[in-house]
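The values are calculated or read from the model by the stated rules, or taken from the named source; none is laboratory data. For clarity, every value in this text was computed on a predicted model and none was experimentally measured. Positions of Cβ are backbone-derived with ideal geometry, glycine not excepted, and every protein chain shown enters the neighbour counts. To get the accessible areas, we keep the full protein, side chains included, count just its heavy atoms, and leave off ligands, DNA and RNA. Shrake-Rupley method; radii C 1.70, N 1.55, O 1.52, S 1.80 Å.
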Amino acid sequence: MATKLTPKQWKELTAELAPQVGGWLSRHDSVFTDRGREFAQRAIDKANLAGEAGTRTLFEPVLLVAASAEPLDIDDLFAICDRIPFTGDYFQWDYVRATYATAYRIFVKGGDAEKAGYPLQMLSFPENGERLPEPFASGLPAIVNRANGGVLGKSADYPRPTTTIPGLQHLLGAVREWNIMWAYGTSSEWTRERIDAELAQAVASASAFVATA
């Protein structure tokens with residue numbers, strides 16, 4: 001059942017969780033350039049879990065770090081993501097979903113099937129009636145469509161290189177979707193190998209914000 005919080009409850013939840021995300025980001029400070037650190041701090045300052053834009057803002061630097069460094073401690077974010085309720089707004093919850101998807105990708109690539117299990121279940125939490133079966137247990141066309149790139153749209157047409165915050169946010173929209181598609185992993189057109197290559201290009205394109213080799 002979708003959860004409705006009062007404005008005060010949302011404000012309190014944001015005040016509690018945003019600094020925790022900030023603490024995780026600070027552990028990965030070496031990933032960021034000076035501009036990247038400013039972007040991350042802006043995200044913490046402007047976070048607002050009551051809405052789509054504020055939730056997206058909070059998790060954008062998380063996706064940037066995850067795409068760049070693939071940190072194994074991303075599971076520390078589960079306790080934060082688990083606290084963010086699904087309100088019935090799929091777009092508001094999408095960056096929470098993407099964090100689980102990114103964690104799944106990192107753990108599968110690292111050969112840790114046990115750690116990959118929980119984020120896999122959380123991928124389709126809203127669609128599965130807020131239960132924890134695997135993503136395709138429901139057989140919903142929306143999930144199949146998403147695995148095939150149906151939500152990607154023109155997000156992949158990002159500027160190269162990305163040198164502005166709007167450009168970076170546009171790129172991170174693609175990063176979000178590629179991670180979700182990778183986790184679903186059923187598309188013949190968007191194979192995991194192709195998505196890995198796109199993510200590597202995205203990191204290279206974000207070199208103004210993240211340190212690249």
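Scan GLU52, GLU70, GLU60 and give me the residue that is open to solvent by 20 Å² or more (accessible area, probe 1.4 Å) and either at pLDDT 95 or above or of a type in the set (Val, Ile, Thr) (or both).
GLU70
Say whether the condition of being open to solvent by 60 Å² or more (accessible area, probe 1.4 Å) and touching a residue at least 60 places away in the same chain (Cβ under 8 Å) is met by at least one residue in the range 95-102.
no
Can you tell me which of (1) among the acidic types (Asp, Glu); (2) touching a residue at least 12 places away in the same chain (Cβ under 8 Å); (3) within 23 Å of LEU171 (Cβ to Cβ) is the one ASP75 doesn't meet?
The one condition ASP75 does not meet is (3).
Filtering the range 1-44 down to residues that are without any contact (Cβ under 8 Å) to a residue 60 or more places away in the chain and among the β-branched types (Val, Ile, Thr), which residue is surrounded by the fewest Cβ atoms within 10 Å (Cβ to Cβ)?
Only one residue tops the list, namely THR6.
Check ASP75 against each of (1) modelled with pLDDT under 95; (2) open to solvent by 10 Å² or more (accessible area, probe 1.4 Å) and name the one condition it does not meet.
(1)
I want to confirm something. Restricting to the range 173-190 and keeping residues that are closer than 18 Å to LYS109 by Cβ and of a type in the set (S, T, N, Q), which single residue is modelled with the highest pLDDT?
Result: ASN179.
If we keep just the residues of the range 140-195 that are among the acidic types (Asp, Glu) and more than 15 Å from the chain's Cα centre (by Cα), which is farthest from THR212 (Cα to Cα)?
By that ranking, first place goes to GLU189.
Please count how many residues of the range 152-166 are surrounded by fewer than 17 Cβ atoms within 10 Å (Cβ to Cβ) and either among the charged types (D, E, K, R) or within 12 Å of ILE180 (Cβ to Cβ) (or both).
Total satisfying the criteria: 3.
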